[in-house]
1. Give me a count of the residues in the stretch 1-42 that are of a type in the set (S, T, N, Q) and more than 20 Å from Ser109 (Cα to Cα).
2. Might you check whether a residue that is within 18 Å of the chain's Cα centre (by Cα), farther than 30 Å from Val167 by Cβ, in contact (Cβ under 8 Å) with a residue 40 or more places away in the chain and not in a loop (DSSP other than H, G, I, E, B) occurs anywhere in the stretch 29-39?
3. Of all residues in the stretch 19-42 being of a type in the set (Gly, Ala, Ser) and more than 12 Å from Ser56 (Cα to Cα), which is modelled with the highest pLDDT?
4. Is it true that Asn62 is surrounded by 19 or more Cβ atoms within 10 Å (Cβ to Cβ) and touching a residue at least 60 places away in the same chain (Cβ under 8 Å)?
5. What tally of residues in the stretch 108-142 results from selecting those that are in contact (Cβ under 8 Å) with a residue 40 or more places away in the chain, farther than 20 Å from Leu157 by Cα and under 15 Å from the mean Cα position of the chain (by Cα)?
6. What number of residues in the stretch 127-152 are open to solvent by less than 60 Å² (accessible area, probe 1.4 Å), farther than 24 Å from Lys70 by Cβ and either β-branched (Val, Ile, Thr) or part of a strand (DSSP E or B) (or both)?
7. Conditions first: (1) surrounded by 13 or more Cβ atoms within 10 Å (Cβ to Cβ); (2) more than 17 Å from the chain's Cα centre (by Cα); (3) acidic (Asp, Glu). Asp160 passes all but one, so which condition is the exception?
8. If I ask for residues that are exposed (fewer than 15 other Cβ atoms within 10 Å of the Cβ) and not aliphatic (A, V, I, L, M), which ones from the stretch 99-109 would you list?
Amino acid sequence: GPLAQEMAEVGLWHLEHAPGRTMVSFGQGCEGEPLTRWKVIAEAIRLIRARCRKGSININTNGSLTHGLKALYDAGLDAIRVSLNSAHPELSAAYYQPKGYGFADVEASIALSRERGAYLALNLLLFPGVTDRAGEVEALCRLVKRYRVDQVQTRSLCIDPFQYLEV
């Protein structure tokens, strides 16, 4: 993957040249989970913020590594979007099949984000037969209320329905 200096150079150029409200974002879909590279990303954020205060620095994440997220906030991260398919631990685990973390870690990352005053968004991955199950809306509303989530975005989860419903 790219080095901290390389990421910082791209981010700085964007923040210094883009018109209007600007954002640098780590973890855009096909890049993989950015928290697995939290040390390098924290250094990139520090390099950016040493030279530029403009704009927002965001991460799109599954929220798995709260200790890494803490380091990113310490470096200057100010916005987060956590992807979820459900606010129920067992449905979340069925989709994410987490290795070395669980829903409690995701919730701890959401709680940390609220404590740090970050702009906190959830990326809710919608799928018929899962997202609309009994109790799903209530569980999501409890999570949103508990952590005063700023935004819930919805996206269709594009996955083989037979594979997904099997797990």
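1. 2
2. There is no residue in the stretch 29-39 that is within 18 Å of the chain's Cα centre (by Cα), farther than 30 Å from Val167 by Cβ, in contact (Cβ under 8 Å) with a residue 40 or more places away in the chain and not in a loop (DSSP other than H, G, I, E, B).
3. Ala42
4. When the stated conditions are applied, Asn62 does not pass them.
5. Selection size over the stretch 108-142: 9.
6. 2
7. Looking at each condition in turn, Asp160 falls short on (1).
8. Listed by number, the residues that qualify are Lys99, Gly100, Gly102.
The values are calculated or read from the model by the stated rules, or taken from the named source; none is laboratory data. Since the structure is predicted, the reported quantities are computational estimates derived from the model, not experimental observations. We place every Cβ from the backbone using ideal geometry, glycine too, and count neighbours over all the protein chains shown. We work out accessible area using only protein heavy atoms, side chains counted, and drop any ligands, DNA or RNA first. Shrake-Rupley method; radii C 1.70, N 1.55, O 1.52, S 1.80 Å.
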